[in-house]
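Asker: Can you read through this structure? Questions will come right after.
Here, each number is a calculation from the coordinates, and none is a lab measurement. All figures in this text were calculated on a predicted structure; none of them were measured in a lab. Here the Cβ is made from the backbone with ideal geometry for all residues, glycine too, and neighbour counts use every protein chain on show.
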Amino acid sequence: MRGLTDETALVTGAGSGIGRASACRFAEEGANVVVADIDEEGGRETVGRIRDAGGDAAFVRVDVSDTESVQHMVEVAVETYGSLDIAHNNAGILTDFVETTGVSEADWDRLIDVNLKGTWACMKAELPVMEEQGRGAIVNTASESGLVGIPGLSSYTASKHGVVGLTKSVALEYASRGIRVNAVAPGPTRTNIQSGVLGTGDTSLVGWLRTAVRSVRLVVRTLRSPFDTAAMRETPMGRIADPEEIAGVVAFLCSSDASYITGHTVPVDGGQAAD
Ligand SMILES: NC(=O)c1ccc[n+]([C@@H]2O[C@H](COP(=O)([O-])OP(=O)(O)OC[C@H]3O[C@@H](n4cnc5c(N)ncnc54)[C@H](O)[C@@H]3O)[C@@H](O)[C@H]2O)c1
């Protein structure tokens, strides 16, 4: 893979997990990285790691479900580094396993707003800049849940199927204009997303109580580690992924080695999609 020297890469959800890994990987490849997240502490930690390793990065706070906030994020990226060559639209949240009839309207709306509308909002802000430059590469984070159904996760699977469809349509719109648009579909990956806590942005008393309940559940889950156990059972490779394994594919899709690939969703899932 060729390097990304002097390119500007924007990563949402870069304060943790897969986004942090891709931000660090872009920096290793020589890109200037705009680290965007709703979680300021996590985002600044990522910037610190990149700078400690000799790279260049800047933080911008964003709520991807808010179009004004997203527009501001893209403006900061261009003001800071003078271009926008790569975007990894990755921020996302997960819910607890609940059957469809038990999903509240508020939970449905928040999940779709962050995972699906957020991906659309990012591309809506990024594409005009890339079109003016005549070049650009976008990778959206979908999920294995964007390719198959999962009982108890209907809102999440709907949002990720939406990301896959959105990726295909936007790729076709911009294929002849120098902009490639792809997605990755990670299988189970070792990150904080299982907590369902980060990034909800709900600071009301009800939101705080829900966060507290989820945190307790997380501790119980962590002690029992059913995610690892279930994932190992369900994944042909028999293990869950490290975020760096997803980041490597994202970096490839943004590189010139992937210059003839657009509109695809690449499973990075230890063989799950083949099963
Ligand atoms: N971990 C997995 O097993 C897995 C599998 C498939 C897909 N994914 C997807 O990967 C992406 C990254 O998740 P992760 O596993 O690294 O989880 P993570 O929780 O470690 O990271 C998600 C990041 O997104 C940020 N975020 C949440 N809401 C936001 C918002 N409204 N605006 C801006 N930032 C926001 C969080 O603060 C956090 O830093 C998500 O889209 C997720 O759906 C994860």
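Asker: HN-Hα J couplings of region 267-275 from phi, Karplus 6.51/-1.76/1.60, θ = phi - 60°, integer Hz, Gly and Pro as x?
Answerer: Residue by residue, region 267-275 yields x, 10, 9, x, x, 4, 5, 8, 7 Hz.
Asker: Output the direction-averaged projected area (hull surface divided by four) of the convex hull of the alpha-carbon atoms of the chain, in nm².
Answerer: Mean projected area for the chain: 13.9 nm², to one decimal.
Asker: Test of understanding: what is the full-extension gain from residue 257 to residue 173, defined as 0.36 nm times their sequence separation minus their Cα-Cα distance?
Answerer: Here the segment from residue 257 to residue 173 would lengthen by 28.1 nm.
Asker: Between residue 52 and residue 79, what FRET efficiency comes out of the Förster formula 1/(1 + (r/R0)^6) with R0 = 22 Å and r the beta carbon distance, rounded to 0.05?
Answerer: In this case the efficiency is close to 0.35.
Asker: Here's something else I'd like to know. Just the number, please: percent antiparallel of the DSSP beta bridges in the chain, rounded to the nearest 5.
Answerer: Around 0 percent antiparallel, to the nearest 5.
Asker: To the nearest 0.05, how large is the calculated FRET efficiency for residue 148 and residue 105 if R₀ is 30 Å and r is the Cβ-Cβ distance?
Answerer: The calculated FRET efficiency here is 0.75.
Asker: May I pose another question? Please order 26, 252 by the number of other Cβ within 10 Å, starting at the fewest.
Answerer: Ranked by crowding around the Cβ, least crowded first: 252, 26.
Asker: Subtract the Cα-Cα distance of residue 44 and residue 97 from 0.36 nm times their separation in residues, and report this length gain in nm to one decimal.
Answerer: Roughly 16.0 nm would be gained on extension.
Asker: Along each of its three principal axes, how wide is the spread of alpha-carbon positions in region 54-158, in whole angstrom units, largest first?
Answerer: 48, 30, 24
Asker: I would also like to ask the following. Tell me the mean residue ellipticity at 222 nm calculated for the chain from its helices only (DSSP H runs of n ≥ 4, each -39500 (n - 2.57), averaged over every residue, nearest 500).
Answerer: -15000 deg cm²/dmol
Asker: Helix by helix, which DSSP H runs in the chain go 15 Å or more along their axis at the Cα atoms and have an average Kyte-Doolittle hydropathy of -0.5 or more?
Answerer: Qualifying helices, which must be both long enough and hydrophobic enough, are 17-28, 67-81, 118-133, 154-174, 205-224, 243-254.
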